[in-house]
Amino acid sequence: MKDVSVGICGLGTVGGGTFNVLTRNAALIAGRAGCNIRITRVASRRNRDDLDFGDVPFSTEIFDVVNDPAVDVVVELIGGYETARELVLAAIRNGKHVVTANKALVAVHGNEIFAAAENAGVVVAYEAGVAGGIPVMKAIREGLAANRIDWIAGIINGTGNYILTEMRAGRAFAEVLKEAQELGYAEADPTFDVEGIDAAHKLTILASAGFGVPLQFEKAFTEGISSITPYDIAHAEQLGYRIKHLGIARRRDEGIELRVHPTLVPQSHLIAQVDGVLNAVLVDGDAVGQTMYYGPGAGDEATASAVIADIVDVARIVASGSTLRVPHLGFAPDALENLDVLSMEDIQSAYYLRITALDRPGVLAKIASILSEHGINIESIMQKESEVQDGRIPVIILTHTVQERQINRAIEELESLSDTDGPVVRIRAENFN
Ligand code: HSE
C-alpha cells in the first residue's frame, strides 16, 4: 500500500480531534482509502506542550507544513480569513491538495481559491466547514447530481441551536452561550454564531453548490437570535410552531434568496425536533423531493469525521494518480450561472407579527384592515385578555406567504397607528413547500 503524507496546521478543537481519530482508526481508514494516511507534520501558532503527537514533528511555524516537499495534503484548521487564505494559496502554489474546515475562508475567498486550485490541478476539500460531521456537501455535489435543487434550508449553527433549545427550557441566553463556548462549539468570536454570520458562511456554500452559482457571501442577509424573547418562543409554540435559527436559500427565476434569521417552523416538521448542538439541512430536489441530512454540527471528533472523509477522498487521488475531480462547487466552473442575490424586500415568506395594541374597541379591525390593504392574508390571530397590562394587549398574527416588501409597508402603517404602542415584532415563518 502506498503512503500519503498529511500535514495538519491548527491544533485546536478540530485539529486535536482529527489527530486522534486518524491515529486511533488508522488501519480502518487505510482499508477504506486503499493507502496509508500518515500524519508527518503538525503545526500550531501557539505551543502545544499539553498535547502528545508521538513521533510526529511539531512546529509553531504553520508555513513549515506548506513548504515541506514531503507533505501531499495540507489540512488547514487554523480558522479565520487572511492567514488561512495565504496558507491555502501557498499550499496550492506548491502543488499540494488542501482539506479545510474553514467555512469563513471558503465563503469569502472560495471563488479565488477554487480558481487557483483548478489551475494547479489540485483539490481544496471543505466538507467539514458545513454542518460539522454531516456529509451534506457530498450529498449535494454527488448524491443529488441528477436534481435541479430549488431550495435548501437548515439549522447550520450548533451553538445557536443549543442556545434556542435551552431557552425553550427556561434558561437565560448568556448562561447557555457560556456553556456552549466551554463545550468547544462556539466560534472564536461567538457573535459569529449568535448573529448568523457563521450560518451565512455555510449557507453561501450550500447555495452555490446546490444552485450552481458563484459564492456571494457579501450579499447574504443575517439576523441573529439575541433579540428572541422567551415570550415569543412560548407564543410560537401555542400557535404550533417552534423558533429555529435557519439559513434559507431559494432559487427563483429572477435570482436567489440567501438569508439567515430566526424562523418559525411547524412543530410537526422533522426539523422542529432538531435540538441542542445538532444540525439538519433540508434539500429539495425536483427528482428526489425533500431530503434531510441530520447530525452533529460541531464538536471535535464529529467535525474530524468530515475532515478525514475529505482526506480519504484526496488520498485516493494522490495514491492512484487520478486526474478525475469532483468540481469544487459540484458544477464545471464554466457551467456556473451568474444569478444575483435578491434584496430582502423581494423575498417571499410567511410572518409572525406581535403588535402591542391599546385595549379598546375597534383596534383589531384596524389592524386587520391594514393587513388586508397590503394584500396580506391572515392564517391565525391570537389575543388573550389575561395578557392585558397597563391598558395594552399583545396581538399575535401569523400570515400566509407574501413578499417582504408588503410586510414592511404594513408594519410602517401599523406602527404609526395611534392605537398601537412601540415597534412591531416580526419573525419570519417557513412551511417548507
Ligand atoms: N461554531 C460552529 C457551530 C462550529 O456552532 O455550529 C461548527 O461550524
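Values in this text are rule-based calculations from the coordinates and carry no lab data. Here the structure is a predicted model, which is why all the values come from computation and not from measurement. Note that we place each Cβ from the backbone using ideal geometry, even for glycine, and neighbour counts take in every protein chain shown.
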- prompt: Against the longest principal axis of the chain, how steep is helix 173-182, in degrees 0 to 90 to the nearest 10, with axes from Cα atoms?
  reply: 10
statement: Which residues qualify? For Asp3, with a placed amide H closer than 5 Å and at least 5 residues away or on another chain, they are Asn36
query: By a straight-distance test (C-alpha under 19 Å), which aspartates and glutamates pair with Lys366 as possible cross-link partners, with residues fewer than eight away in the same chain excluded?
result: Glu379, Glu385, Glu412, Glu413, Glu415, Asp419, Asp421
field: For the stretch 258-272, 3J(HN,Hα) per residue [Karplus equation, 6.51 cos²θ - 1.76 cosθ + 1.60, θ = phi - 60°, Hz, x = Gly/Pro]
entry: 9, 8, 10, 6, x, 9, 7, 10, x, 4, 7, 7, 3, 5, 5
Within the stretch 60-213: Cβ-based charge dipole about Cα centre, in debye rounded to nearest 20 (Lys, Arg +1; Asp, Glu -1): 560
statement: Low-density loop trypsin sites (Lys or Arg not before Pro), the stretch 107-166, at most 16 other Cβ within 10 Å, DSSP non-H/G/I/E/B, are Arg148
- prompt: Applying the Karplus parametrisation 6.51 cos²θ - 1.76 cosθ + 1.60 with θ = phi - 60° to the phi angles of the stretch 396-409, what ³J(HN,Hα) value in whole Hz is obtained for each residue in order, glycine and proline being reported as x?
  reply: 10, 10, 10, 9, 6, 5, 9, 7, 4, 4, 5, 5, 4, 5
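Where the only charges are on Cβ atoms (+1 Lys, Arg; -1 Asp, Glu), what is the dipole of the stretch 347-429 about its Cα centre, to the nearest 20 debye?
On the way: 9 positive and 12 negative charges, 44 e Å.
For this selection, approximately 220 debye.
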task: Just add up the charged neighbours of Cys9: K/R +1, D/E -1, any other residue whose Cβ is under 15 Å from the Cβ of Cys9.
output: -2
- request: Check cross-link reach from Lys244 to the lysines: straight Cα distance under 20 Å, and skip same-chain residues fewer than eight apart.
  value: Lys178, Lys202
message: Report the Cα centroid-to-centroid distance between the stretch 377-397 and the stretch 101-127 in angstrom, as an integer.
response: 50
message: Name the residue from Val14, Gly391, Gly255 whose Cα lies farthest towards the positive end of the charge dipole of the chain, charges +1 on Cβ of Lys and Arg and -1 on Cβ of Asp and Glu.
response: Val14
- line: Non-local residues with an amide H under 5 Å from the amide H of Thr222, with H modelled 1.01 Å from N and Pro and chain starts lacking one, are Val260
- line: In debye to the nearest 20, the charge dipole size for the stretch 109-192, taken about the Cα centre with +1 at each Lys and Arg Cβ and -1 at each Asp and Glu Cβ, equals 280
query: So what's the back-of-envelope 222 nm ellipticity for the chain, counting only DSSP H runs of four-plus at -39500 (n - 2.57) apiece and dividing by all residues, rounded to 500?
result: -10500 deg cm²/dmol
task: Starting from the Kirkwood radius over alpha-carbon pairs of the chain, derive D by Stokes-Einstein at 37 °C in a medium of 0.692 mPa s and give it in µm² s⁻¹.
output: 143
task: Name the lysines eligible as straight-distance cross-link partners of Lys2: C-alpha to C-alpha under 22 Å, and not fewer than 8 places from it in the same chain.
output: Lys96
